[in-house]
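S.K.: To start, I am sharing the structure in question, which I have written as structure tokens.
The values are calculated or read from the model by the stated rules, or taken from the named source; none is laboratory data. Everything numeric here is computed off the predicted structure, so don't read it as measured data. Every residue, glycine as well, gets a Cβ built from its backbone with ideal geometry; the counts of neighbours run over all protein chains shown.
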Amino acid sequence: MVKKRKTISNRHEQIIALIKSNGFATVEEMAKQFNVTPQTIRRDINFLDEDGYVSRYHGGAGLGVSTENVDYRHRKELLLNEKQSIARTAAAMIQENTSLFMNIGTTTEYVAEELVNLRKKLRIITNNLNVAGIMSKNDDFEVIVAGGIVRSRDGGITGEAAVKFIRQFKVDVGIIGISGIDLDGTLLDFDFREVYVARSIIENSRKVFLVTDHSKFSRNAMVKLGHIKEIDTLITDETPPEPLLDVIRNNDVELKIC
């Protein structure tokens, strides 16, 4: 028997239309647009998620397509305080005179913002034009940008040229973000071209820091990047779910919770 959908209000229809138009909308922008409280919007999202109209995410709602990532502009806004806290923790672990890889991702960009005013004499190799722009503001930093195909939506550089470039180096610390972590420890992403670059960063870093907020735990994405056991330190804002926590412990991955 097919489940009959509940009757939705005019505001619900407007929320659905907004999300279909943008692909994602934050709680804050919907509350402002519809002149209601964030709590009201959260109730609306829960109602629409339960009936399959939209998919609820931390900080907002989207179309629920697991083969594509959320738009970059909205990813920058999602869990902003949590990402900045993660970034401060990660930056504090980086010593001066350190060489770094930094990959594509909004959280890695916040790490860059923390480091630019915190450290001196860093050498940064990145395939993220946003990271390069932030880091180049510090005259004591040497910033090296990988060549390759530039994604207009987020300034990420991917492709075979970027992979070959990264493989020329061996650095002290690789700082990477991720789109999802399965409960068995599998690291997941949306773009197979991005995965190739991230794999090269992991393989050519003496230590690897994974910076990610709790919304990525058990989040679906289609492309396998690797496994949590390849990471030295996971820096996040909440304790992972118990099955994932067991995998982290069993593989001696350092866990830092902000």
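S.K.: Taking region 113-129, which residues are part of a loop (DSSP other than H, G, I, E, B) and within 17 Å of the chain's Cα centre (by Cα)?
M.R.: Answer for region 113-129, where residues must be part of a loop (DSSP other than H, G, I, E, B) and within 17 Å of the chain's Cα centre (by Cα): just Asn127.
S.K.: Read through the list (1) at pLDDT below 95; (2) in a helix (DSSP H, G or I); (3) in contact with a strand residue (DSSP E or B) (Cβ under 8 Å, 6 or more places away or on another chain), then give the number of the only condition that Ser21 fails.
M.R.: It fails just one condition, (3).
S.K.: Of everything in region 170-227, what is at pLDDT below 95, of a type in the set (S, T, N, Q) and buried (at least 23 other Cβ atoms within 10 Å of the Cβ)? Give them in sequence order.
M.R.: Passing the criteria: only Ser179.
S.K.: Against the definition (within 16 Å of the chain's Cα centre (by Cα), assigned by TED's automatic domain parsing to the domain that holds Val197 and modelled with pLDDT of 95 or more), how does Met135 come out, yes or no?
M.R.: On the way: within 16 Å of the chain's Cα centre (by Cα): no; assigned by TED's automatic domain parsing to the domain that holds Val197: yes; modelled with pLDDT of 95 or more: yes.
Considered against the rule, which asks whether it is within 16 Å of the chain's Cα centre (by Cα), assigned by TED's automatic domain parsing to the domain that holds Val197 and modelled with pLDDT of 95 or more, Met135 comes out as no.
S.K.: While we're here: List every residue pair whose Cβ atoms sit under 7 Å apart, with the two residues 6 or more apart in sequence or on different chains, where the first one lies in region 90-112 and is part of a strand (DSSP E or B) and the second, anywhere, is among the hydroxyl-bearing types (Ser, Thr, Tyr) and at pLDDT below 95.
M.R.: Filtered contacts from region 90-112: no entries.
S.K.: For region 159-250, which helices (runs of 4 or more DSSP H) that fit wholly inside it have 2 or more residues that are in the same structural domain as Gln84 (by TED's automatic domain parsing) and under 24 Å from Ile124 (Cα atoms)? If you could, list the steps in order and put the result at the bottom.
M.R.: Values: elements: 160-166, 192-203, 242-250.
It comes to 160-166, 192-203.
S.K.: Scan region 135-158 for residues that are among the polar types (S, T, N, Q) and assigned to a loop (DSSP other than H, G, I, E, B) and jot them down. Can you show your working first?
M.R.: First, pick out the residues of region 135-158 that are among the polar types (S, T, N, Q): 136, 138, 152, 158.
The answer is Ser136, Asn138, Ser152.
S.K.: Could you check, for region 140-159, whether at least one of its residues is among the small types (Gly, Ala, Ser), closer than 30 Å to Arg249 by Cα and crowded, with 16+ Cβ neighbours inside 10 Å? Can you show your working first?
M.R.: Of the residues in region 140-159, the ones among the small types (Gly, Ala, Ser) are 146-148, 152, 155-156, 159.
Remaining after also requiring closer than 30 Å to Arg249 by Cα: none.
Taking every residue of region 140-159 in turn, none turns out to be among the small types (Gly, Ala, Ser), closer than 30 Å to Arg249 by Cα and crowded, with 16+ Cβ neighbours inside 10 Å.
S.K.: For the structure I just gave you, tell me whether Asp140 is within 27 Å of Leu80 (Cα to Cα) and either without any contact (Cβ under 8 Å) to a residue 24 or more places away in the chain or not β-branched (Val, Ile, Thr) (or both).
M.R.: no
S.K.: Moving on to the next point. Please work out if Glu230 is farther than 30 Å from Arg56 by Cβ and surrounded by fewer than 22 Cβ atoms within 10 Å (Cβ to Cβ).
M.R.: Working: farther than 30 Å from Arg56 by Cβ: yes; surrounded by fewer than 22 Cβ atoms within 10 Å (Cβ to Cβ): yes.
Yes: the conditions hold for Glu230.
S.K.: Can you tell me how many residues in region 233-253 are closer than 18 Å to Arg219 by Cα and either surrounded by 13 or more Cβ atoms within 10 Å (Cβ to Cβ) or under 18 Å from the mean Cα position of the chain (by Cα) (or both)?
M.R.: Step one: of region 233-253, the residues closer than 18 Å to Arg219 by Cα are 234-248.
With the extra rule that they be either surrounded by 13 or more Cβ atoms within 10 Å (Cβ to Cβ) or under 18 Å from the mean Cα position of the chain (by Cα) (or both), the set shrinks to 234-241, 243-248.
So the count comes out to 14.
S.K.: Follow-up question, since we're still on this one. Quick one: Ala132 ticks every box in (1) part of a helix (DSSP H, G or I); (2) touching a helix residue (DSSP H, G or I) at 6+ places or on another chain (Cβ under 8 Å); (3) within 25 Å of Ile235 (Cα to Cα); (4) among the hydrophobic types (A, V, I, L, M, F, W, C) except a single one, so which number is it?
M.R.: The number of the failed condition is (2).
S.K.: Also, quick follow-up: Mind checking which residues of region 24-59 are of a type in the set (Val, Ile, Thr), assigned to a helix (DSSP H, G or I) and within 23 Å of the chain's Cα centre (by Cα)?
M.R.: Initial filter on region 24-59 (of a type in the set (Val, Ile, Thr)): 26-27, 36-37, 40-41, 45, 54.
Within this subset, residues satisfying the condition of being assigned to a helix (DSSP H, G or I) are 27, 40-41, 45.
Of everything in region 24-59, those that are of a type in the set (Val, Ile, Thr), assigned to a helix (DSSP H, G or I) and within 23 Å of the chain's Cα centre (by Cα) turn out to be Val27, Ile45.
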